[in-house]
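What follows is one structure encoded as structure tokens, with my remarks underneath.
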There are 2 protein chains.
Amino acid sequence: MSKDAAGKRPTIVDVARHAGVSTAAASKVLRNAYGVSPQMKAKVQASMKALGYRPLASARGMRGRTQAVAVVVADLHNEFSSLLVEGIRQEAERQKYRLLVAPAGSGKEAQNRMVEDLIDRGMDGIVLISPLGTDAELETLARSIPLVVLGRHASSSDYDSVAADDFNGANLVVDHLVSLGHRRITYVNHTTEGTNDARLPEEVRVRGYVDAMIRHGLGDAIDIIQSQWSQEGGEQAGTAILSRADRPTAVFAGCDVAAFGVLTTMWNARISVPNELSIVGFDNIFTTSLAPISITTVDQSGLDMGAAAGKLLLERVGGRTEPVNSMVQPTLVARNTTAAPVMAHRKREP
Amino acid sequence: MSKDAAGKRPTIVDVARHAGVSTAAASKVLRNAYGVSPQMKAKVQASMKALGYRPLASARGMRGRTQAVAVVVADLHNEFSSLLVEGIRQEAERQKYRLLVAPAGSGKEAQNRMVEDLIDRGMDGIVLISPLGTDAELETLARSIPLVVLGRHASSSDYDSVAADDFNGANLVVDHLVSLGHRRITYVNHTTEGTNDARLPEEVRVRGYVDAMIRHGLGDAIDIIQSQWSQEGGEQAGTAILSRADRPTAVFAGCDVAAFGVLTTMWNARISVPNELSIVGFDNIFTTSLAPISITTVDQSGLDMGAAAGKLLLERVGGRTEPVNSMVQPTLVARNTTAAPVMAHRKREP
DNA sequence: ATAAGTTCGTAGTACGTTATACACTTCTTA
DNA sequence: TAAGAAGTGTATAACGTACTACGAACTTAT
């Protein structure tokens, strides 16, 4: 009985011995490096198969590539994040790369620790979804590992970015509502205390809303409710609107989940949507398409954004250094929560 | 200028030199092993902090623990999977372990490759969510790495499992419908060709349905539609039901997403839910709670299941070998898609 | 004072892989 | 035909950490 058979995992040394070549040769075959004849390649590959050899990533990571990238995400509950991740995964798979998803939890600290950890684990590159750090921090990070930032409007020379054109997306929404005849359009904003980063999607969207309102001559009608982009945040915003003497005819909730919240409040208050109030979301998550809900929203094609990010990352891993900042155009998906406003109790003119 | 300052990442050798001790001593401090004086410990830790040293997981993984576990999941779109993952993550975090999520994609082959890859990457343990393999394959796998299986009714001596009591869950649904006065209750089954595994949740649920029907003396009314647990599958099942001359008064869709499909079909066909048809889901995913939808369903508390799985895995990593197979009890969440049947067009008795 | 522990610290090697440097053939080309 | 060039394989030094053995210093028991 040979000593290989002793239940241990086969190493590249075992493969080389089995094939009767040097370990260096076996290694070359493994990473199909230059300088190996077809015969030798066949022989070594046969031995690998015979022994059931698989390279050990930990050992591999000490010298060269890991063939793995990671995406850091705060939270997997967000359906849109899942879409982005799936997009990255598909692209990674196409290029024989592994994608690992790293749920960091909320908070900048947790996120930073996770990123460090991934570097320590020898990831070849990292995608960050809507990261919290400052530009300077991202720059520094990008100098230690190939980096792509997803869902944040960046223009760095050290990393790539992919983002939806949130400004234009917000424009589409306002245009749609105005074309239906709305004038009093309320926007639900997402505010995080402390962070005040003009590059975050929420900041860009609110600017898009303001800009579009002004463009339509509705500067006086600008109305922004500070809340959170969550079910609860949407419900609170809805409640705030209901308590007004003079209600808007349409609400742009900023994101789909918040739109759910607004919708819930209206449902409970027996306010008819879209007759008494039009509601628009953002993201086009699956649930918005369900027949009983059918929310008008903005589609960002998360799958494409993810795939684009994956592609850029792997290019960067492959050696590209010129930065690419790409922006994908969102589209409006008109459904059943928007309609022309009913001009019932019109505000008296002075 | 010292040669440490040359932009390179500090290693344990740098730390040792900085502290004026041997690398072995530094290593001991790092893993707080036996045989290190308080002074030395303080000195080395100071050097680590000063140099910003972080151990390299890849190198570490070649010898001992990685302090990381992974969860393999086919698909992150499934909202319930996200809940499970979050549960595991929280438990892992509590115990200072890293959780990485590995989206395998669909198919048994892809899943197996992913698992091998994770082993190669030196994961300390693995959680599998509703794995596709046979019992024998899982046993084999469990012998090479600590393993916990989630969402599959197993009883192995080599790995742990956590599953909801799907049999009882199905019973709760039928009991609820029968107590409302329903007798003709249709079940939407999830069928995967090839796999016929009695331990899968779908198989257990259908047995629970059949058993409960018989227990209520409704054996003759048993009606199972073979479909898929997806939006489309639910829609198809709904269409099939609509085409019947003699329709059931209630549909148990097997899972929430399928219930959405049934609901969509009924909505489009202007069938009033729950008046003309009651619908029940399973999983209690967030969307079911939305006011305009409000589906009656069964809650499995995914967060708890995930946390339980995480706990078991880390125990196993820590050395436990006796298997634990735990089952969590689901609860019925009655909402607005179930009501007493309207006895309008009653089938004539012979 | 000496033997027998303890406690603290170090040398050195193993882990599995990559990759550089080099030697030996065989093919081109002037 | 000599001199390079291209092709093919090997020896071996890293990579950063863990850990076994072992020695030195310091206590304690006799």
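The values are calculated or read from the model by the stated rules, or taken from the named source; none is laboratory data. Computed from a predicted model, the values in this text were never measured in an experiment. No Cβ is skipped: glycine too gets one built from the backbone with ideal geometry, and neighbour counts run over all protein chains shown.
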(request) Please verify whether the stretch A:40-53 includes one or more residues that are within 12 Å of DNA strand C (Cβ to nearest atom) and either under 30 Å from residue A:131 (Cβ atoms) or among the aromatic types (Phe, Trp, Tyr) (or both). (result) yes
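Considering each residue of the stretch B:136-156, count those that are in a loop (DSSP other than H, G, I, E, B) and away from chain A (no Cβ under 14 Å), and give that number.
Just the residues of the stretch B:136-156 that are in a loop (DSSP other than H, G, I, E, B), to begin with: B:143-146, B:151-156.
Okay, now just the ones that are also away from chain A (no Cβ under 14 Å), so B:146, B:151-156.
Counting residues in the stretch B:136-156 that are in a loop (DSSP other than H, G, I, E, B) and away from chain A (no Cβ under 14 Å) gives 7.
Looking only at the stretch B:247-284, count every residue that is without any contact (Cβ under 8 Å) to a residue 12 or more places away in the chain and not hydroxyl-bearing (Ser, Thr, Tyr) and tell me the total. Can you show your working first?
Just the residues of the stretch B:247-284 that are without any contact (Cβ under 8 Å) to a residue 12 or more places away in the chain, to begin with: B:267-268, B:270, B:272.
Those still in the list that are not hydroxyl-bearing (Ser, Thr, Tyr) too: B:267-268, B:270.
The number of residues fulfilling the criteria is 3.
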(request) Answer yes or no as to whether residue A:179 is more than 17 Å from the chain's Cα centre (by Cα), assigned to a helix (DSSP H, G or I) and polar (S, T, N, Q). (result) yes
(request) Output the residues belonging to the stretch A:290-306 that are assigned to a helix (DSSP H, G or I), modelled with pLDDT of 95 or more and within 14 Å of chain B (Cβ to nearest Cβ). (result) A:306
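Would you confirm, using the coordinates I've provided, whether residue A:98 is within 10 Å of DNA strand D (Cβ to nearest atom), of a type in the set (D, E, K, R) and buried (at least 18 other Cβ atoms within 10 Å of the Cβ)? Break it down stepwise before answering.
Working: within 10 Å of DNA strand D (Cβ to nearest atom): no; of a type in the set (D, E, K, R): yes; buried (at least 18 other Cβ atoms within 10 Å of the Cβ): yes.
The answer is no for residue A:98.
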(message) I'd like the residue in the stretch B:22-44 that is assigned to a loop (DSSP other than H, G, I, E, B) and in contact with a Lys or Arg (Cβ under 7 Å, 6 or more places away or on another chain) and, out of all such residues, is modelled with the highest pLDDT.
(response) B:36
(request) Would you check which residues across the stretch A:127-150 are more than 18 Å from residue A:316 (Cα to Cα) and buried (at least 24 other Cβ atoms within 10 Å of the Cβ) and list them? (result) A:131
(request) Take residue B:68 and decide whether it is small (Gly, Ala, Ser), within 30 Å of residue B:119 (Cα to Cα), near DNA strand D (Cβ under 8 Å from one of its atoms) and out of contact with any helix residue (DSSP H, G or I) (no Cβ under 7 Å at 6 or more places or on another chain). (result) no
(request) Go through the stretch A:94-135 and give me each residue that's facing another protein chain (nearest Cβ under 7 Å) and assigned to a helix (DSSP H, G or I). (result) A:116, A:117, A:120
(message) Step by step: first the residues of the stretch B:62-93, then only those that are at pLDDT below 90 and in a helix (DSSP H, G or I), then the one that is nearest to the other protein chains (Cβ to nearest Cβ). Which residue is that?
(response) B:79
(request) Looking only at the stretch A:207-216, decide whether some residue is under 25 Å from residue A:333 (Cα atoms) and part of a loop (DSSP other than H, G, I, E, B). (result) yes
(request) Only residues that are within 14 Å of chain B (Cβ to nearest Cβ) and within 12 Å of DNA strand D (Cβ to nearest atom): list them for the stretch A:31-61, please. (result) A:56, A:58, A:59, A:60, A:61
(message) If I filter the stretch A:60-72 for residues that are within 27 Å of the chain's Cα centre (by Cα), free of Cβ contacts under 8 Å to residues at least 40 places away in the same chain, more than 13 Å from DNA strand C (Cβ to nearest atom) and closer than 30 Å to residue A:133 by Cα, do I get at least one hit?
(response) no
(request) Assess whether residue B:250 counts as being of a type outside the set (D, E, K, R) and surrounded by fewer than 24 Cβ atoms within 10 Å (Cβ to Cβ). (result) no
(request) Would you check if residue B:279 is of a type in the set (A, V, I, L, M) and within 14 Å of chain A (Cβ to nearest Cβ)? (result) yes
(message) Name the single residue that is nearest to DNA strand D (Cβ to nearest atom) among those in the stretch B:9-21 being away from chain A (no Cβ under 14 Å) and in a loop (DSSP other than H, G, I, E, B).
(response) B:21
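Sort out which residues of the stretch B:237-246 are surrounded by fewer than 19 Cβ atoms within 10 Å (Cβ to Cβ) and free of Cβ contacts under 8 Å to residues at least 60 places away in the same chain, and write them in order of number.
Here is the first cut: in the stretch B:237-246, the residues surrounded by fewer than 19 Cβ atoms within 10 Å (Cβ to Cβ) are B:239-240, B:242-246.
The answer is B:239, B:240, B:242, B:243, B:244, B:245.
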(request) Taking residue B:233 as the residue in question, decide whether it is under 27 Å from residue B:153 (Cβ atoms), within 14 Å of chain A (Cβ to nearest Cβ), over 18 Å from the mean Cα position of the chain (by Cα) and of a type outside the set (A, V, I, L, M, F, W, C). (result) no
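Against the definition (surrounded by fewer than 22 Cβ atoms within 10 Å (Cβ to Cβ) and of a type outside the set (Val, Ile, Thr)), how does residue B:205 come out, yes or no? Break it down into steps so the answer makes sense when it comes.
On the way: surrounded by fewer than 22 Cβ atoms within 10 Å (Cβ to Cβ): no; of a type outside the set (Val, Ile, Thr): yes.
No; evaluated as a whole, the condition is false for this residue.
Given the criterion touching a Ser or Thr at 6+ places or on another chain (Cβ under 9 Å), outside any helix (DSSP H, G or I) and at pLDDT 95 or above, identify the matching residue among A:224, A:241.
On the way: A:241 fails: outside any helix (DSSP H, G or I).
That would be A:224, the only listed residue that is touching a Ser or Thr at 6+ places or on another chain (Cβ under 9 Å), outside any helix (DSSP H, G or I) and at pLDDT 95 or above.
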